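Colleague: Take a look at this one; I'll ask things after.
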Amino acid sequence: KGKDLLSDPIFNKGLAFPPAERDRLGIRGLIPTSLLSVEEQERVIMEEYELGWADRAEREPDDEIIKSGVSPDNIRKWKVLQSVQDRNETLFYRLLMDNFHEMAPIIYTPTVGWACSHFSHLFRRSRGMFFSPQDRGEMASMVYNWPSAQVDAVVVTDGSRVLGMGDLGLGGLGISIGKLDLYVAAGGFHPRRVLPVVLDIGTANQKLLADPKYLGLKQPRLEGEEYYSFIDEFMAAIQLRWPTALIQFEDFQSKHAATLLNRYRDEYLMFNDDIQGTAATVLAG
């Protein structure tokens, strides 16, 4: 059950588990809410088999991220490091710690921006947790599907304003993952005691909505009180299981960021990186 099932190469079905099986097997929230049949997953793999991602990037010179300076070789290096992380996290973090200045721009900005914008196409192995409006009323039980009983830091995003690229929806999870990789390699956090999260609450990105391979919720973003009540439930669920965990808000739209900070700062151990983290860096000189 749970994470062990998703790591089992014989019994894992990727995104082909129907909702009832996800609940019964304890994997709700451990994979995106989208369903992909084995045949659909096969087609995704065949596309990469026929043309690798570095080669595809080379054929997309007008891609905004490629134009910003991320090279196809950066993408190749990102894929190499991801494959190491999938099979041996001890080695992965050893590599980062020994080669931090060289590899930080690969696992985080700027290369992670490309990974976020292509997240649904790159998805192979699940990391972190996914919460969507379909999970209302279930979040307090879902957090117990995560295998670690101790979590020190949660980085959560709603993917609405990722690295200045705008709304990347579900792809924002790449930011949560990359940020926590830095915290482990450079900040001394234990890799089993961090949790990357994406709140999959829809997207305003028409390109994603029209993409048949997009794994996020294909609907307009939650707004207003519906949005805030959803995050209220998420925050309460995290505090229920991990009452001492720090919850870091990352890449939320400006119109929500300050409101969320004021809503939770007195009740939860939390901060907003884009507001308080940036300010702290400026004050530090």
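Colleague: Under DSSP H, which helices of the chain have Cα atoms covering 15 Å or more of the helix axis and a Kyte-Doolittle average no less than 0.0?
Modeller: 173-187
Colleague: Run the reach check for residue 67 against lysines, Cα to Cα strictly under 26 Å, same-chain hits fewer than 8 apart removed. What comes back?
Modeller: Hits, sequence-local ones excluded: 77, 79, 179, 207, 213.
Colleague: Tell me, what does the Kirkwood hydrodynamic radius of segment 116-193 come to in angstroms if you use every pair of distinct C-alpha atoms? The partial results should precede the final answer.
Modeller: Working: mean 1/r = 0.0721 Å⁻¹.
About 13.9 Å, per the Kirkwood formula over Cα pairs.
Colleague: Here is a follow-up. Measuring with a 1.4 Å probe in the full set of protein chains, what accessible area per residue, in whole Å², belongs to the chain?
Modeller: Result: 48 Å² per residue.
Colleague: With a 1.4 Å probe and all protein chains left in place, how much of the accessible area of the chain comes from carbon and sulfur atoms, in whole percent?
Modeller: Its accessible area is 54 percent carbon and sulfur atoms.
Colleague: Considering all projection directions equally, how large on average is the shadow of the alpha-carbon convex hull of the chain, in square nanometres?
Modeller: Mean shadow area of the hull around the Cα atoms is 15.0 nm².
Colleague: OK, next. If each DSSP helix of 4+ residues adds -39,500 (n - 2.57) and the sum is divided by the residues in the chain, what number results at 222 nm, nearest 500 deg cm²/dmol?
Modeller: Working: 16 runs with 138 residues, N = 285.
Calculated from helices alone, the mean residue ellipticity at 222 nm is -13500 deg cm²/dmol.
Colleague: How large is the Kirkwood hydrodynamic radius of segment 1-140, counting all unique pairs of alpha carbons, in Å?
Modeller: Answer for segment 1-140: a Kirkwood hydrodynamic radius of 16.9 Å.
Colleague: Once amide H atoms are placed 1.01 Å from N in the peptide plane, what residues at a sequence separation of 5 or more from residue 155, or on another chain, have their amide H within under 5 Å of its amide H?
Modeller: For residue 155, the qualifying residues are 195, 197, 248.
The values are calculated or read from the model by the stated rules, or taken from the named source; none is laboratory data. All of these numbers come straight from a predicted model, not from anything done at the bench. Areas reflect the complete protein model, heavy atoms only, side chains present, ligands, DNA and RNA absent. Shrake-Rupley method; radii C 1.70, N 1.55, O 1.52, S 1.80 Å.
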